[in-house]
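Following: one structure in structure tokens, then a few remarks.
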Amino acid sequence: MTISPAHLPKAFASIFDDPERSRACFFAVLESMPYGIVLADNASRLQYISLKARRLLGLAGSSISCSTCFDLLRRCPGVTEEAIAVLRTTGGRCTVRCRDGEQPEGRVVILARQELQSPFLELAGYFILTLTDVTYQEISDSQQERNRRYAAMQEMALQMNQDLKNPLGSIELCASMLRREVEGDPASTRLADQIMQAVRCMDVQLHNYRTYASLPSPRFAPVEIKGWLKQAIADLVAMDGEHLYTFRLVAELGQQQIQADADMLRLLAVNAGRNCMESMASGGEIVVRVRLMADCGLGQSCCEIRFEDRGTGIPAAQMDKIFDPFFTTKNRANGMGLPIIHFIAERHGGMVQVENREGGGTVLTVLLPLMAAVS
């Protein structure tokens, strides 16, 4: 039996009795879907595209003048002709990386084709393309795999911390005494300052070993986001004895706060900044971008912090190893920075990802929920 609106409950039938209300309901349903929707007929002529689909394809705010849905997809960098060929067949499904203004490194999107069917009307001759954003699911999967590899090496880190702590304290004391004795002699003062600068850098590394070895729990309290990052940038400037680097904070927010451990966040940002510095041996600009997001895959509002450099980038063959403790691609690094960043982000209920940038360099993205998880 063919089902018609007459067979529906009265409340639903009233919707279909009014064409305008039925149309409004139809579009409200499409716009409420958790994924993007593209509707086309069997000649591929574009009939409708939802706002979420526009955003995922990087077409938000632009006019849609394409005659077919596949012409529309061709406007999206990252959608290849091979992907379009897959979507021309019933049940076609593929994964692409779409570029958009909100996510410069791209969103990982699953495109799937489904022929349109309805028990109410004869709608043969139409199909929909669904666009599902799995960007942050990909980050989460990578993070879980990382956690399985982080059970080792903590005992080694603890031993290194114990071996370095006392000698470093002695160097710091002697350097401060030396600086007082040579005050007035510019050349000697400069050498003493260089020793103190090296001590600061070593202290960060020692803190890394200590953090990795003991895995402390965060002490959550309100932390102003911009204030935290400004302090971390000031620490990084103090470590840049040769003044090779400039730091630019791009944060279009006021005094918004995050529930976090201030000391751990400072260590996270300093390590992220040092990672950028180590990638740019000749110096240059490091950009720290911050934005608040309603949903970033963490189940609540979050803060996204991006540390961008124009360094050498990371070889594809080494990308899976960069979060391993003590693994490094740089001569001046010890391979502990990224594991520490991962650990701190995870203890705050967040996630971290590193990607190569178009045009050279890398971007390290940290996602942190604005509110601390209640345990």
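Computed packing ranks the peptides 47-58, 87-98 as 47-58, 87-98, most packed first, by mean other Cβ atoms within 10 Å. Taking label positions 7 Å along the Cα-Cβ direction at both Asn166 and Glu181, the computed distance is 2.3 nm, reported to one decimal. Whole-Hz Karplus values for segment 168-175 come out as 5, x, 5, 4, 4, 5, 5, 5 Hz, taken residue by residue from phi with 6.51 cos²θ - 1.76 cosθ + 1.60 and θ = phi - 60°; glycine and proline positions read x.
The stretch between Glu346 and Gln255 holds 30.4 nm of extra length on full extension. This uses 0.36 nm per residue minus the Cα-Cα distance. Packing, as the average of other Cβ atoms within 10 Å across residues, places the peptides 260-268, 67-75 in the order 260-268, 67-75, highest first. Here the label points at Thr246 and Ala221, each 7 Å from Cα along the C-beta direction, are separated by 3.5 nm in the simple model.
Quick one: what are the phi-derived ³J(HN,Hα) couplings along segment 73-79, Karplus 6.51/-1.76/1.60 with θ = phi - 60°, whole Hz, x for glycine and proline? Karplus-based 3J(HN,Hα) across segment 73-79 equals 5, 5, 6, 9, x, x, 8 Hz. With a Förster radius of 22 Å applied to the beta-carbon distance between Val134 and Ala316, the computed FRET efficiency rounds to 0.60. Couplings for segment 158-164, taken from phi via the Karplus curve 6.51 cos²θ - 1.76 cosθ + 1.60 with θ = phi - 60°, read 5, 5, 5, 4, 5, 5, 9 Hz in order; Gly and Pro are left as x.
Were the residues from Lys230 through Glu81 laid out at 0.36 nm apart, the gain over their Cα-Cα distance would be 49.1 nm. Would you work out if segment 242-286 is rounded, prolate or oblate? Take a ≥ b ≥ c from the square roots of the eigenvalues of the alpha-carbon gyration tensor; rounded if a/c is under 1.5, else prolate when a/b is larger than b/c, oblate otherwise. In terms of gyration-tensor shape, oblate. Based on Cα atoms of segment 168-287, Rg over Rh with Rh as the Kirkwood radius reads 1.02. Take every pair of alpha-carbon atoms less than 8 Å apart whose residues are at least six positions apart; their mean separation over the length of segment 209-287 yields a relative contact order of 43 percent. Each Lys or Arg adds one and each Asp or Glu takes one away; over the other residues whose Cβ falls under 14 Å from the Cβ of Lys165, this sums to -2.
Fully extending the segment from Met33 to Tyr126 would add 31.6 nm, taking 0.36 nm per residue of separation and subtracting the current Cα-Cα distance.
Amide hydrogen proximity for Leu46: with H placed 1.01 Å from N in the peptide plane, the residues at 5 or more positions away or on another chain lying under 5 Å are Thr68, Cys69. Using a probe of 1.4 Å on the protein chains alone, the accessible area found for Ile314 is around 30 Å². Taking Cβ atoms as reference points and 13 Å as the exclusive limit, the residues near Cys94 contribute a net charge of +2, counting Lys and Arg as +1 and Asp and Glu as -1. Label sites at Leu191 and Leu116, each approximated as a point 7 angstrom past Cα along Cα to Cβ, lie 8.1 nm apart.
The values are calculated or read from the model by the stated rules, or taken from the named source; none is laboratory data. All values derive from a computational prediction rather than experimental measurement. In this analysis, Cβ positions are derived from the backbone assuming ideal geometry, glycine residues included, and neighbour counts consider all displayed protein chains. To get the accessible areas, we keep the full protein, side chains included, count just its heavy atoms, and leave off ligands, DNA and RNA. Shrake-Rupley method; radii C 1.70, N 1.55, O 1.52, S 1.80 Å.
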